[in-house]
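Notes follow once the structure below has been shown.
Laboratory data are not the source of any read-out in this text; all were calculated from the coordinates shown. The structure displayed is predicted, hence computed values, not measured ones. Cβ coordinates were reconstructed from backbone atoms using ideal geometry, including for glycine residues, and neighbour counts include every protein chain displayed.
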Amino acid sequence: MTSRTSPQPSATDTAPGGGVVTGQFRQAMGRFLTGVAVVTSCGPDGPHGTTVSSLASVSLEPPMLLVCLSRASRGARTIGSTGVFTVNVLGRDQSELAGWFASSRRPLGSAGFAGVPHRIGFAGVPVLDGAVAHLDCRVTQEVSAGDHSIFIGEVSGIAFADRADPLAYHQGQFRSLR
């Protein structure tokens with residue numbers, strides 16, 4: 001068995017006074033490979049979608065997951081007021097879609113979904129065509145954490161492709177696992 005050593009932290013790992021620098025935290029977390037999803041919701045101002053990589057399974061019984069969104073975002077406000085959202089897990093060929101829903105330049109409301117193949121799901125929320133999975137959720141809890149809201153949702157509907165490769169995100173880039 002061979003021994004591997006971990007890289008030693010550099011002197012720039014902490015801010016003056018011992019705190020962590022935001023940019024460095026972002027860089028460190030960028031080393032963690034994640035999947036990519038678009039969380040969709042719909043409120044009085046129309047449909048909304050936002051790209052996320054902060055998504056995790058919480059419970060199998062009942063089926064629950066969590067997503068994290070900036071508390072100041074339109075998506076967080078819409079989900080907080082309506083109590084429903086859909087997680088659309090993107091496939092490896094959907095990096096353009098991930099970029100579109102991550103862009104602050106996309107139009108708001110229905111115009112932001114123009115040209116994006118989708119349908120309106122059971123809860124009145126957009127479901128993106130071609131996603132490798134989608135999970136319709138009802139919010140059971142909203143937790144405030146730093147500058148984000150954590151939405152814990154009980155899964156009320158689910159569909160997924162039998163064979164599909166997901167889109168990944170690593171060090172600031174979308175990646176295919178194949």
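Enumerate the pairs (first residue in region 155-166 and among the acidic types (Asp, Glu); second residue anywhere and part of a loop (DSSP other than H, G, I, E, B)) with beta-carbon separation below 6 Å, excluding pairs fewer than 6 apart on the same chain, so at least 6 apart or on different chains. Every condition considered, the pairs that remain are ASP165/ARG92; ASP165/LEU177; ASP165/ARG178. Scanning region 65-83 for residues that are touching a Ser or Thr at 6+ places or on another chain (Cβ under 7 Å) and not small (Gly, Ala, Ser) gives LEU65, VAL67, CYS68, LEU69, ARG71, THR78, ILE79, THR82.
Just a yes or no: is a residue in region 93-106 within 14 Å of THR51 (Cα to Cα), among the charged types (D, E, K, R) and exposed (fewer than 14 other Cβ atoms within 10 Å of the Cβ)? Taking every residue of region 93-106 in turn, at least one turns out to be within 14 Å of THR51 (Cα to Cα), among the charged types (D, E, K, R) and exposed (fewer than 14 other Cβ atoms within 10 Å of the Cβ).
Summed over region 108-122, the residues that are over 22 Å from ALA159 (Cβ atoms) and surrounded by 11 or more Cβ atoms within 10 Å (Cβ to Cβ) give a count of 5.
Here the strands (runs of 3 or more DSSP E) wholly within region 71-160 that include at least 1 residues being touching a Phe, Trp or Tyr at 6+ places or on another chain (Cβ under 9 Å) and acidic (Asp, Glu) are 133-145.
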